[in-house]
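The numbers here are math on the coordinates, done by the rules we state, and not lab data. A quick note: this is a predicted structure, and the numbers were derived from the prediction, not measured. Don't worry about glycine lacking a Cβ; one is built from the backbone with ideal geometry, like all the others, and counts go over all protein chains shown.
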Amino acid sequence: MRNYLFSLIIMLLAAFSIPAQGVPEEVAASSASHPASIVASTSWTAAFADLGGLDDVAFIAPATLTHPPEYEITVSDVVKINHADYFIYAGYERMMQSMGDSIKKEAGTMVQITTTNDIENVKKQAAILASLEGTEDKSKVRLDSYIATIEEGAKQAEALGLTEAKVYCHAMQVYLAKDLGLQVAGTFGPGPVTAQQISEVSKGGYQIIIDNIHNPIAGPLLEVSPDSKIVVWRNFPESGGRGSLESMVHANIQALIQ
C-alpha cells in the first residue's frame, strides 16, 4: 500500500511538472538564453558531466552513501528531475527502476552514459556530454588534466616497481588499474568471492589486492594471503564540483603508491 501511494504521488507531481506545450516564442527564447539545468543521478555521473565541460550539475543520491546506486528516490527528487533540462544517469541505479513511468521528459533529455574510469571511456562519455551544450573546449582542458593525472600515476607506479607486481583486482576497479599499467592477473566481484577465487589467491604470488570501497569483499582473500598489500579504491567521488573525478582518481593512485 505504501509503495502504491508513493507511486501515485510521484505520477501526480510528475504530471504537474510537465512543461506546457505551445508556449509563446518570446518565452521560449527567454528560456533558451539561460544556462541549461542539468541533474545527474549520482556524484559519479555528475563527475562525468564535469569532464564534459558542464558546470553546476546537481546530483540526486547523496555522495556520503557507501553505495549511492541503492539510494531510494523521493517525490521531490522526481520533481527536480522532471524540471531539469537534462538528466544524466548510468542505468544501474535503483532509482531508475523505482521511477518507472513517473519521469516525463522528452527524447534526448534523458542521457545515459557508461561509468568506467579508463581514459578511453571517459573521453567517449565526455564527448557525448559536451555535445549537449557545446562545451567541447572546456571539456578538452578538463580531459587533458584528467589524463595527465593518470599518466603521472602510471609513471610513479612503474618507478616503484608496482607494474611488475601480480594484482588481484575487484572487477569494478580493473579499468583504472590497467590504465596505470598494473598486471591484473585475476579479478573478483562484484558478488561475494567464490571458493575457487579464494583457492586461487591462497596459492600465493599476488602482491597486491585491489578492493572496492563501495562493495568491499576482499576479506576472505586477505585471510589466505596475509602478505598481500590491500588497496581500496572508490568510483563515486566523495563530493561534487569541479574536478571531482580527477581528485578521486588521484586519491586512488596515492592509496596504491603509499
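The calculated 222 nm mean residue ellipticity attributable to helices in the chain amounts to -14000 deg cm²/dmol, summing -39500 (n - 2.57) over DSSP H runs of n ≥ 4 and dividing by all residues.
Put simply, the amide H of VAL111, placed in the peptide plane, has neighbours under 5 Å in PHE87, ILE88, TYR89, leaving out anything fewer than 5 places away on its chain. Between GLU136 and ALA107, the simple label model (points 7 Å from Cα in the Cβ direction) yields a spacing of 2.4 nm. Our summary gives segment 117-240 a relative contact order of 21 percent, counting only alpha carbon pairs under 8 angstrom and 6 or more residues apart. Taking each residue as 0.36 nm, the span from HIS83 to SER202 lengthens on full extension beyond its C-alpha to C-alpha distance by 37.5 nm. What is the sum of charges, Lys and Arg at +1 and Asp and Glu at -1, for the other residues whose Cβ falls under 14 Å from the Cβ of ALA251? Once all neighbours under 14 Å are counted, the net charge is -2. For the listed peptides 63-70, 211-218, a ranking on the average number of other beta carbons within 10 Å per residue, highest first, reads 211-218, 63-70. Over all pairs of different C-alpha atoms in the chain, the reciprocal of the mean inverse distance, the Kirkwood hydrodynamic radius, equals 20.0 Å.
Shown for the chain: lysine pairs separated by 8 or more places, or found on different chains, whose C-alpha atoms are under 17 Å apart, numbering 12. Using Stokes-Einstein with the Kirkwood hydrodynamic radius over Cα pairs, what translational diffusion coefficient do you get for segment 196-258 at 4 °C and a viscosity of 1.567 mPa s, in µm²/s rounded to a whole number? Rounded to a whole number, D works out at 100 µm²/s. Principal axis analysis of the Cα atoms in segment 153-257 yields extents of 43, 30, 18 Å, listed in decreasing size. Extension gain for the segment ASN215 to GLU70, taken as residue separation times 0.36 nm less the Cα-Cα distance, is 51.0 nm to one decimal.
FRET efficiency for the GLU238 to THR163 pair, using the beta carbon distance and R₀ = 35 Å, is estimated at 0.80. Structural descriptor for segment 161-216: relative contact order 47 percent, calculated from alpha carbon pairs under 8 angstrom and at least 6 residues apart. Around the Cα centre of the chain, unit charges on the Cβ atoms of Lys, Arg, Asp and Glu (plus for the first two, minus for the last two) sum to a dipole of about 460 debye. When each of THR194, THR187 is scored by the number of other beta-carbon atoms lying within 10 Å, the sequence from fewest to most is THR194, THR187.
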